[in-house]
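J.: Sharing a structure here in structure tokens format.
The values are calculated or read from the model by the stated rules, or taken from the named source; none is laboratory data. Since we're looking at a predicted model, the values are computed, not measured. Note: ideal-geometry Cβ built from the backbone for every residue, glycine included; neighbour counts use all protein chains shown.
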Amino acid sequence: MNVRLACLRVLQQIVQQGQNLDNALDGILPQLDQVRDQALLQHLCYGVIRWYPQLDFLLGQLLHKPLKKKDADLRLLLLLGLYQLRFSRIPAHAAVGETVAVTQSLNKAWARGMVNAVLRNYQRQQAELDIKLEQDAPARTAHPAWLLTHLQQAWPDQWEAIVEANNTQAPMSLRVNRRLGTRDDYIKRLAAAGLEARAAAHGDSGVILAEPCPVDRLPGFAEGQIAVQDVAAQLAAPLLDPQPGDRILDACAAPGGKTAHLLEQQPAVQELVALDIDSRRLERIAQNLSRLNLQATRLVGDAARPDDWWDGQLFDRILLDAPCSATGVIRRHPDIKLHRRQRDIPALCATQHAMLLALWNLLKPGGTLLYATCSILPEENRQQVEHFLAAVDNARHVALPTGWGHAQSAGQQILPGEDDMDGFYYARLVKTS
Ligand SMILES: C[S@@+](CC[C@H](N)C(=O)[O-])C[C@H]1O[C@@H](n2cnc3c(N)ncnc32)[C@H](O)[C@@H]1O
């Protein structure tokens, strides 16, 4: 398949069918034979989705009348053309020519002239369009209006850095299994394999690659010496601090990144129960743990309804890595800009509150619950924890180590891009009686 046509198919699945970017891309990537074409497809799909709100605005200025519903494919094709002209290093004549040629594969040869004219007009009118863009904050920042307003209110001094980070490709980060070797040694092994990398600023296991690369090029990957994981996510296991003999619950565990790290950090736990509501995602925990040679008890169940799956034995420590808006990981999953709606937030908050209340009953007196999200919205984080502390009388909030993120009245917030980390929130709660 031609790369632009493949990209259009991925975009259709995301925009018209509501699929997530990774799944849509995984389905179509194997249809391209050349590694170079696969890399270009990935670049184009991520780029168009990352800049979608801005490209959409520009297209609105360029079209004299909206396209018909049955020509939604042409609209996406035009966005792809605009992306290449505005953000890629592809020579303009090739970008326009290749994009126009896709009309043929769509059996819409009649649209050749229109696609060509819109893209050429963009080139001619770019300076005026840029002035218009400056006056439209959601388009300029390529963020939906509701989210931009939310970020401006929640982070008045940081929102510009946040949107910039969200529009920048995230680095590929690794977690070194320190039971099998030191981080410094692994960085030397990477160098010997021709891969430049440096130690992460926080935690003791994170390595940041200068350039992303396929996992099978990473030394020791198949043997479980490393896992791919953002550095902010690597803070969870040390913060929960599992001890020998502990019974631990990882309540929203799939695909098991933090489960594995907890077990690497403390192999002498009595049991680690990895729970997830999604049985297919739970299967991915099995695959990940098997590569890393680790074991956990896997359960399918709803964290907010322990009566359906809990055996009645209390836990020493619980990790609640709750489902959330994922507004802290937009740089890795730019399709969140399209899929997340303002109305999702109250429903997510209600789920998180129900999970906190339900899981609290499963914790031993003196036990610790670590609440985590990859959100940067206060209502899912600080306000959520404050709401919980007001609802129960046997919970104490314990401050986290300083040195990273922004200390809140409850918990600590990392914003996207800070020290090369994803946006993440952690709060540590101890049961007093
Ligand atoms: C942020 S992801 C967890 C990532 C995981 N902790 C890791 O580090 O790899 C949230 C997970 O919560 C699961 N989930 C959503 N609602 C749930 C519920 N009611 N009970 C249990 N798991 C749930 C989702 O299926 C998803 O796998």
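J.: Against the condition assigned to a helix (DSSP H, G or I) and within 23 Å of residue 411 (Cβ to Cβ), how does residue 249 come out, does it pass? Break it down stepwise before answering.
T.: Details: assigned to a helix (DSSP H, G or I): no; within 23 Å of residue 411 (Cβ to Cβ): yes.
Criteria not met by residue 249.
J.: Give 207, 163 a once-over and let me know the one that is assigned to a strand (DSSP E or B) and out of contact with any Gly (no Cβ under 9 Å at 6 or more places or on another chain). Talk me through it step by step, then tell me what you get.
T.: Working: 163 fails: assigned to a strand (DSSP E or B).
Selected residue: 207, the only one of 207, 163 that is assigned to a strand (DSSP E or B) and out of contact with any Gly (no Cβ under 9 Å at 6 or more places or on another chain).
J.: Hey, can you tell me all the residues within the stretch 366-375 that are under 20 Å from residue 415 (Cα atoms) and either of a type outside the set (A, V, I, L, M, F, W, C) or more than 14 Å from the ligand (Cβ to nearest atom) (or both)? Break it down into steps so the answer makes sense when it comes.
T.: Residues of the stretch 366-375 that are under 20 Å from residue 415 (Cα atoms), as a first pass: 370-375.
If the condition is that a residue be under 20 Å from residue 415 (Cα atoms) and either of a type outside the set (A, V, I, L, M, F, W, C) or more than 14 Å from the ligand (Cβ to nearest atom) (or both), then 371, 373, 375 are the ones that fit.
J.: Say whether the condition of being in the same structural domain as residue 95 (by TED's automatic domain parsing), closer than 21 Å to residue 103 by Cβ and assigned to a loop (DSSP other than H, G, I, E, B) is met by at least one residue in the stretch 28-37. Full working, then the answer.
T.: Restricting attention to the stretch 28-37, the residues satisfying the condition of being in the same structural domain as residue 95 (by TED's automatic domain parsing) are 28-37.
Then keep just the ones that are closer than 21 Å to residue 103 by Cβ; that gives 28, 31-32, 37.
When the remaining residues are screened for being assigned to a loop (DSSP other than H, G, I, E, B), the result is 32.
Yes.
J.: Looking at 311, 316, 250, 276 in this structure, which one is more than 9 Å from the ligand (Cβ to nearest atom), in the same structural domain as residue 361 (by TED's automatic domain parsing), among the charged types (D, E, K, R) and surrounded by 16 or more Cβ atoms within 10 Å (Cβ to Cβ)? Before the answer, list the steps.
T.: On the way: 311 fails: surrounded by 16 or more Cβ atoms within 10 Å (Cβ to Cβ); 250 fails: more than 9 Å from the ligand (Cβ to nearest atom); 276 fails: more than 9 Å from the ligand (Cβ to nearest atom).
Sole residue among the options that is more than 9 Å from the ligand (Cβ to nearest atom), in the same structural domain as residue 361 (by TED's automatic domain parsing), among the charged types (D, E, K, R) and surrounded by 16 or more Cβ atoms within 10 Å (Cβ to Cβ): 316.
J.: Among 39, 24, which is the only one that is farther than 19 Å from residue 116 by Cβ and either touching a Phe, Trp or Tyr at 6+ places or on another chain (Cβ under 6 Å) or buried (at least 18 other Cβ atoms within 10 Å of the Cβ) (or both)?
T.: Answer to the check: 24.
J.: Determine which member of the set 197, 170, 142 is closer than 30 Å to residue 402 by Cβ and touching a helix residue (DSSP H, G or I) at 6+ places or on another chain (Cβ under 6 Å).
T.: Working: 170 fails: touching a helix residue (DSSP H, G or I) at 6+ places or on another chain (Cβ under 6 Å); 142 fails: closer than 30 Å to residue 402 by Cβ.
Within the list 197, 170, 142, the selection yields 197.
J.: Tell me yes or no: at least one residue of the stretch 157-175 is over 28 Å from residue 74 (Cα atoms) and among the basic types (Lys, Arg). If you could, list the steps in order and put the result at the bottom.
T.: Taking the stretch 157-175 first, the residues over 28 Å from residue 74 (Cα atoms) are 157-165, 170-175.
From what's left, among the basic types (Lys, Arg): 175.
Checked the stretch 157-175: at least one residue is over 28 Å from residue 74 (Cα atoms) and among the basic types (Lys, Arg).
J.: Right, another one. When you look at residue 288, is it modelled with pLDDT under 95 and either outside the structural domain of residue 338 (by TED's automatic domain parsing) or near the ligand (Cβ under 9 Å from one of its atoms) (or both), yes or no?
T.: Values: modelled with pLDDT under 95: yes; either outside the structural domain of residue 338 (by TED's automatic domain parsing) or near the ligand (Cβ under 9 Å from one of its atoms) (or both): yes.
Criteria met by residue 288.
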